[in-house]
Amino acid sequence: MREYSAYTLLKNALTGNRDWKQAWRKAEPRPHYDVIVIGGGGHGLSTAYYLAKEHGITNVAVLEKGYLGSGNVGRNTTAVRSNYLLPENHRFYEHSMDLWENLSHDLNYNVMFSQRGCLNLAHTPGQLDEYIRRGNALRHSGIDSELMTVKQIKRLVPALDVSGSARFPIIGGVMQWSAGTARHDAVAWGYARGADRRGVDIVENCEVTGFLRDGDRVTGVTTTRGEIRAGKIAVAVAGSTGSVMKLAGIETLPIESQVLQAFVSESLKPILNTVLTFGMGHFYASQSDKGGLVYGGALDGYNSYAQRGSLPLVEEVHSEMLALFPSLASVRMLRSWGGLCDMSMDGSPIITTGPLPGMYLNCGWNYGGFKATPASGWCFAWTIARDEPHALNAPFTLDRFHRGILIDDKGMGATPNLH
Amino acid sequence: MIIKCPWCGPRDSSEFVYQGEGGRTRPDQSSTDQSAWNAYVYDRVNTAGDHDEIWQHSGGCRSHLKIIRNTVTHKVLSVVFACDTQDQEKPA
Ligand SMILES: Cc1cc2nc3c(=O)[nH]c(=O)nc-3n(C[C@H](O)[C@H](O)[C@H](O)COP(=O)(O)OP(=O)(O)OC[C@H]3O[C@@H](n4cnc5c(N)ncnc54)[C@H](O)[C@@H]3O)c2cc1C
Ligand SMILES: [Zn+2]
C-alpha cells in the first residue's frame, strides 16, 4: 500500500502522528558501492532515484557535504517550463515536463506541481517578433505556446500596468500554459525518500575532499567521513563543479560559477496567478501558496562562490518590479538569498560520461536547472547505467565547445553572465 | 563591493563592467591552432579563492583593469591598469 494516502493520514491523525516512518534513513557511509553520486541536490537525488527505479542499481550512495537541500534545489524560485528555442532543448525539457506531470504520484509525495502558466511580456515589436519565432518553433515540436494580446494579459493579471504611459509599455506576450511552479523542498525530499526506500544510502554532512585514482581511472573518493570506493562515480554538484573537478585534476571547464539572488515579499492576497517575466530587463515573479511574491532577476554578473549577492542587484530587481506593478511600492521584502549557478559557455547543460574513466559529469545548469531535475536525473542515470548517453542527452556533451556544436538557445556566445 | 580604481579611487562595483577571467592568453592573430583558440574562448579556471580577472571602469575613466579578487569573500586584493601588465600585447 502507498505509504501516504487518505487512509494513513486519517489513521495517523487519530493516533497522534507517532507512527510515521522517517522519510529517509540517516545512513552511515559503507566502504564500497556500485555507484557514488556526489551532491545531494535535486539532480543528485533524482539520479539515485532513477538508477534504482529504472535500472535496478540500488547499491548507491549520495554524498552531500551539508544537509539535504542546502544547495540550489532549496534556493531556486521554482519556475518549471520548457519554452526554449532549439530542438535539443525542446526534447529534453519536454521529457522533464512529462515526468513533472506524474511526479507526485510516482514519488507518492506531493511536490505541489502547479501548471499555472509562464507568460513572457513583450515591450517592443522586435521582441514580439522574437517571441513569435520561438512560439512557432515550440508549436512545431508539439509544445504549447500561445501569443497573448494586451487585453488578454490585463484580464489574466489585472495588477499589471498596461497603460501606454508605463516606462516600458507592454505590447503583448507569449504564454506557455503547461509551465508553472513546484515546491522545491518537496522535490528534494520526495526523491530522497523514493531513493532511500529502494536501498540508496543518503549520506549527509559528508564532503568529498579528493578522488582515489588508479592511473587515470577514478576508483573512489576521500571524504570528511572516510574513504569510499565505487565502480562508478557521478558528479552532480552544480555551482561547485569547478572546485570539485579540480580535486580530480581537471583544471579548466567551460563553466563559470556566479551568484544569483532571489527574494520573497510579505504575504499578499492573490495578485499573480502565473509565472511572469519582464522583457526589458531581468525580472520574473510568481506568487506562492502562502501569498508571498517569489521573484528574482539577473546574475550579479561576476565569478562568485559566496552564496550571497550584493546590493546593486537588489535595487535593480525592485525597480523592475515597480515598473510592472506600481501598486507594489509599499510591499515589504521579507527575505533575500543567493545561490551558486554553474553557468556554461552556451547556456545549455552537460550530462555525459567522463571526462575521466570511471567518472560521469552533470553540470552547466545555469539558473534554470530546477525545471530539469526529473529529466536530468533520468538521463544521467541512463548514462551511468549504460555507459552511454540516452538520445535525449546525447547533444549535451562536454566536448561540444571544442567541436563547434554548441547549443546556444539565446545566441549569447561565451559570455555566461548574459545567458 | 568597492573597487579601488587606480585613476578614480574607491568606487562602487556597479560602476564597473565585468569582462571575465584574466589569466587567459589570446593566441596570436595569425595562429591557426584550433585547440588554442577553443581553450581561449571556452575554458575557464573558475577558481574558488583568489581570482585573476578583467573589469572595465565603464561608469568612470573607462580604463580596463586587472583585478585579483577573492571569489569566496568578494574581497578585492589588487587593482592595476590592464595595460601595465606584462602579458599585454604591444602594438607593432
Ligand atoms: C536564486 C536562484 C533561483 C533559481 N530559480 C530557478 C527557477 O525558477 N527555475 C529553474 O528551473 N531553476 C532555477 N534555478 C536553478 C536551479 O536551482 C539549479 O540549476 C539546480 O537546483 C541545480 O541542481 P541541483 O539541485 O542538483 O543543485 P544543488 O542543490 O546546488 O546541489 C549540489 C549539491 O552539491 C553539494 N556539494 C558541493 N560540493 C560538494 C562536495 N565537495 N562534496 C559533497 N557534496 C558537495 C552541495 O552542497 C549541494 O547540495 C535557480 C537558482 C538560484 C540560485
Ligand atoms: Zn576609473
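Across the range A:39-45, computed HN-Hα scalar couplings (Karplus, 6.51 cos²θ - 1.76 cosθ + 1.60, θ = phi - 60°) run x, x, x, x, 6, x, 5 Hz from first to last residue, x flagging Gly and Pro. When the range A:250-361 is described by a simple charge dipole with +1 on each Lys and Arg Cβ and -1 on each Asp and Glu Cβ, the residue from A:Met333, A:Met280, A:Leu311 located farthest towards its positive end is A:Met333.
With the Kirkwood sum run over all distinct C-alpha pairs, the range A:52-179 has a hydrodynamic radius of 17.4 Å. For B:Cys5, the residues whose amide H sits under 5 Å from its own are B:Arg11, ignoring neighbours fewer than 5 places away on the same chain, with H placed 1.01 Å from N. Amide H contacts of A:Ala23 (H built 1.01 Å from N, in plane; Pro and chain starts excluded): no residue 5 or more places away or on another chain comes under 5 Å. If you line up the long axis of helix A:311-324 against the longest principal axis of chain A, both from Cα atoms, how many degrees apart are they, to the nearest 10? Value to nearest ten degrees: 50.
The simple spin-label model puts a point 7 Å past each Cα toward its Cβ; for A:Asn102 and B:Leu77 those points are separated by 5.3 nm. Shape analysis of the range A:223-322 places it in the prolate category; the axes a ≥ b ≥ c from the Cα gyration tensor give an a/c of at least 1.5, with a/b above b/c. Would you please classify the overall shape of the range A:309-419 from the alpha carbon gyration tensor, given that a ≥ b ≥ c denote the square roots of the eigenvalues, rounded means a/c under 1.5, and beyond that prolate means a/b larger than b/c while oblate covers the rest? The shape class here is prolate.
Tally Lys/Arg at +1 and Asp/Glu at -1 over every other residue whose Cβ is under 11 Å from the Cβ of B:Asp43; what's the total? Spelling it out: positives minus negatives among the neighbours equals -1.
For A:Ser257, what is the net charge nearby, where nearby means another residue's Cβ is under 11 Å from its Cβ and Lys, Arg count +1, Asp, Glu -1? Value of the local net charge: -1. Between A:Asp144 and A:Asp185, the modelled label-to-label distance comes to 3.0 nm, taking each label 7 Å out from Cα in the direction of the beta carbon. When the P(r) is computed for the range A:280-350, the part past 14 Å accounts for 67% of the Cα-Cα pairs.
Other residues with beta-carbon under 14 Å from the beta-carbon of A:Ala394 carry, at +1 per Lys or Arg and -1 per Asp or Glu, a net charge of 0. Once C-alpha pairs closer than 8 Å and six or more residues apart are averaged by separation and normalised to the residue number of chain B, the relative contact order reads 27 percent.
Pairs from the table (A:Lys53/A:Lys232; A:Lys290/A:Lys371; A:Lys21/A:Lys53; A:Lys65/B:Lys4) lying more than 24 angstrom apart at Cα are A:Lys65/B:Lys4. For the range A:43-108, what class follows from the C-alpha gyration tensor (a ≥ b ≥ c being the square roots of its eigenvalues): rounded when a/c is under 1.5, otherwise prolate if a/b is larger than b/c, else oblate? Oblate shape, in that a/c is at least 1.5 and b/c is the bigger or equal ratio.
Taking the C-alpha atoms only, the angle from helix A:125-140 to the longest principal axis of chain A is near 50 degrees. Taking other C-beta atoms within 10 angstrom as a stand-in for reagent exposure, A:Phe263, A:Phe168 fall in the order A:Phe168, A:Phe263, fewest first.
Seen from all directions on average, chain A presents a Cα convex hull projection of 20.9 nm². In plain terms, the residue of A:Met245, A:Met280 with the fewest other Cβ atoms within 10 Å comes first and the most crowded comes last, giving A:Met280, A:Met245. The angle between the Cα long axis of helix A:373-386 and the longest principal axis of the Cα atoms of chain A comes to about 30 degrees, rounded to the nearest 10. Each Cα pair under 8 Å and six or more residues apart adds its separation to the average, and for chain A the resulting relative contact order is 22 percent.
Bear in mind that the values in this text are calculations on the coordinates, not laboratory data. Keep in mind that this is a model prediction, so the values were computed, not measured. Because the Cβ atoms are built from the backbone with ideal geometry, glycine has one as well, and the counts that use them run over all protein chains shown.
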